[in-house]
Amino acid sequence: MADNDDKLSRDGRRLALVSVAGAFAFIGIEAAGTIFGWSNQTMGLLELGIAAVFLWVFIQAFRMWRARQSGQDG
């Protein structure tokens with residue numbers, strides 16, 4: 001049980017770091033796009049990549065929540 005809690009804690013910290021890194025990357029991409037005058041297509045592609053990162057974080061957080069729920073039940 002304690003090993004599972006440690007794994008969930010590590011995974012949670014990793015998700016928090018990836019989420020913060022994604023947010024900073026988004027801000028950086030927006031700033032770079034403004035400074036360098038990137039096209040809307042380029043910006044859209046990069047923003048789609050950031051959206052994929054946040055989707056991955058959401059899915060992993062949901063899986064962790066389900067794992068924690070199943071650990072409490074049994």
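The values are calculated or read from the model by the stated rules, or taken from the named source; none is laboratory data. It should be emphasised that the depicted structure is a prediction, and the values quoted were computed from it without experimental measurement. FYI the Cβ positions are ideal-geometry reconstructions off the backbone, even for glycines, and counts take in every protein chain you see.
The table below lists the values:
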| item | result |
| --- | --- |
| Every residue from the stretch 13-39 that is closer than 20 Å to R66 by Cβ and either surrounded by 15 or more Cβ atoms within 10 Å (Cβ to Cβ) or not small (G, A, S) (or both) | R13, R14, L15, V18, S19 |
| Test for D11: is it under 13 Å from the mean Cα position of the chain (by Cα), part of a helix (DSSP H, G or I) and modelled with pLDDT under 95 | yes |
| Any hit, the stretch 33-44, residues being in a helix (DSSP H, G or I) and either of a type in the set (D, E) or at pLDDT below 95 (or both) | no |
| Among residues of the stretch 49-74, those that are loosely packed, with under 10 Cβ neighbours inside 10 Å and not polar (S, T, N, Q), counted | 2 |
| Qualifying position, being of a type outside the set (V, I, T) and touching a residue at least 12 places away in the same chain (Cβ under 8 Å), among F58, F54, F62, F36 | F54 |
| Selection within the stretch 36-57 - more than 15 Å from the chain's Cα centre (by Cα) and of a type outside the set (A, V, I, L, M, F, W, C) | G37, S39, N40, Q41, T42, G44 |
